[in-house]
Amino acid sequence: MTMRNIKLIVLGALLAVSAGTGAATASAGCYCSVVYYDAAGTVVGIRQPAGCGDPGWGIMTIRSKAYAGCIM
């Protein structure tokens, strides 16, 4: 295996973790907020770290995006 292949594997693993649910991003050590979307792309839920003062609202779906820090 070349060094380039190893770097691509590590990058792919990091992207897979960041694309997961809020629990996955929290386990990776990220102080992140996660926004959840429905199939149409409408925001249906938000989860944030406890330090943000508001844990969020709505439902969690498989479509999500993590943002660094507090968003509300």
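Each value in this text was obtained by applying a stated rule to the coordinates, not by laboratory testing. Values in this document were obtained by computation on a predicted structure and should not be read as measured data. Quick reminder, even Gly has a Cβ in these numbers, built from the backbone with ideal geometry, and neighbours come from all protein chains shown.
Each of residue 70 and residue 43 was given a label point 7 Å from its Cα along the Cα-to-Cβ line. The distance between the two points is 1.5 nm. Here is the tail figure for the stretch 30-71: Cα pairs spaced more than 15 Å apart come to 34 percent of all pairs. A simple count of charges around residue 36, restricted to other residues whose Cβ falls under 13 Å of its Cβ and scoring Lys, Arg +1 and Asp, Glu -1, yields +2.
Using the Karplus relation 6.51 cos²θ - 1.76 cosθ + 1.60 with θ = phi - 60°, the per-residue 3J(HN,Hα) values for the stretch 57-71 come to 7, x, 9, 9, 10, 6, 8, 8, 9, 8, 10, 5, x, 7, 10 Hz, with x marking Gly and Pro.
What the phi angles of the stretch 35-50 give under the Karplus curve with 6.51, -1.76 and 1.60, with θ = phi - 60°, is a coupling list of 9, 9, 10, 8, 4, 7, x, 7, 5, 10, x, 9, 10, 9, x, 4 Hz, glycine and proline written as x.
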